[in-house]
Amino acid sequence: MTRAAARAQQLTQRLPDIYPDAHCELDYRTPLELLVATILSAQCTDKRVNIVTKDLFARCETAKDFADISQEDLEAIIRSTGFYRNKAKNIRAMAAVLLEKYHGEVPRTLEELAALPGVGRKTANVVLGNAFGIDEGVVVDTHVTRLSNRLGLTHHTDAVKIEQDLMKLFPRTVWTVLSHWLIWHGRRRCVARKPDCANCEIYDLCPTGPKLLKSAETA
C-alpha cells in the first residue's frame, strides 16, 4: 500500500467523526434547484448564492419557469453572483433542453447532465451525489484541490486528474461526502493563506503540516 493510499484509508475513518454533519451548503429543495444553484456558484460563494436563490426559486420553480423567464429579468436577479450574463444564458438554455429532451426533469446520468448548457463534470457530480445519492465521482473545487495536494493525495492541479487520483484512493461509497469533508475542513481549518495547523484534527496525517506550521510561526 502506498503512503497516499494508507493516508486515504485513515482519512476515511477519521473525517466522518470530525465532520459528521458535512453536507452541501447550497440551499435547494429539488434536483433542478440544486442544478441551478451549482451553476450560479461558479466563482461565487455558497452564501451569496443562497441569498440570490431565495428570491429566484420563489419566482421560478419548474424548468418551464427558467426557460420562459427573460434574459434581462434573470440577469437582474442573479447579478451579484458574477458572470451573470453567461450564467443567465446557460440556465435558460439548460432549462430549454430539459423541456425538449427530458420532460422538464433533471437526468440522472453523468453523460446527460454534463452535456447540458453550463454544466460540466463537476456540476454533474454535485447533482448526482447530493440530489440523487449517486456516487459517480468526486467534486473538485478550490478547497478540494488545495487539501488534496497538502495531504499528499495528489500532485496534480488539474481538476480531472485530481478527481481520478481521489477515486483510486477512496472507496466509491464516500466519493460524494469526501468532497464535503475536504470542503468543510478547507473552510474551517485548512484555509488557503493561514491554515490553522496548530489546532488541525488531522495534522498528524498531513505531510506538509510541519512546513505550514513553521511558516505560520515565523510569519
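The values are calculated or read from the model by the stated rules, or taken from the named source; none is laboratory data. What you see is a predicted model; the values in this text were computed from it and never measured. All Cβ positions, even for glycine, are placed from backbone atoms using ideal geometry, and neighbour counts span all protein chains on display. Heads up: the accessible areas ignore ligands, DNA and RNA and are worked out on the full protein's heavy atoms, side chains in. Shrake-Rupley method; radii C 1.70, N 1.55, O 1.52, S 1.80 Å.
Treating the beta-carbon of each Lys and Arg as +1 and of each Asp and Glu as -1, no other charges, what is the dipole magnitude of region 86-153 about its Cα centre, to the nearest 20 debye?
Values: 9 positive and 7 negative charges, 76 e Å.
That gives region 86-153 a dipole magnitude of about 360 debye.
For residue 13 and residue 43, calculate 0.36 nm times their separation in residues minus their Cα-Cα distance, and state this gained length in nm to one decimal.
7.6 nm
Per 5 Å bin, what percent of the C-alpha pairs of region 61-110 does each bin hold, from zero upward?
5, 24, 28, 20, 15, 8, 1
Based on the Cβ-Cβ distance of residue 86 and residue 188, what FRET efficiency does E = 1/(1 + (r/R0)^6) give at R0 = 30 Å, to the nearest 0.05?
0.45
In the chain, what percent of the accessible surface is made up of carbon and sulfur (1.4 Å probe, ligands and nucleic acids excluded)?
Within the chain, the accessible surface is 50 percent carbon and sulfur.
Excluding ligands, DNA and RNA, what is the solvent-accessible area per residue of region 1-138 at a probe of 1.4 Å, expressed in Å²?
Each residue of region 1-138 exposes 52 Å² on average to a 1.4 Å probe.
How long is the gain from residue 102 to residue 21 if the chain were fully straight, where each residue apart is worth 0.36 nm and the alpha carbon distance is subtracted?
25.9 nm
Given contacts defined as C-alpha pairs under 8 Å and at least six residues apart, what's the relative contact order of region 62-219, whole-number percent?
15 percent
Where the eigenvalues come from the Cα gyration tensor of region 1-130, what are the semi-axes √(5λ) of the equivalent ellipsoid, largest first, in whole Å?
Semi-axes from the Cα gyration tensor: 31, 17, 13 Å.
Would you mind checking the pairs 161/214; 54/168; 87/122; 87/194 and listing those with alpha carbons more than 26 angstrom apart?
On the way: 161/214 30 Å; 54/168 38 Å; 87/122 16 Å; 87/194 32 Å.
Over 26 Å apart, Cα to Cα: 161/214; 54/168; 87/194.
Rounded to the nearest whole Å³, what is the per residue volume of the convex hull around the Cα atoms of the chain? Write out the running numbers ahead of the final one.
Working: hull volume 26.4 nm³, N = 219.
Enclosed volume per residue, from the Cα hull, is 121 Å³.
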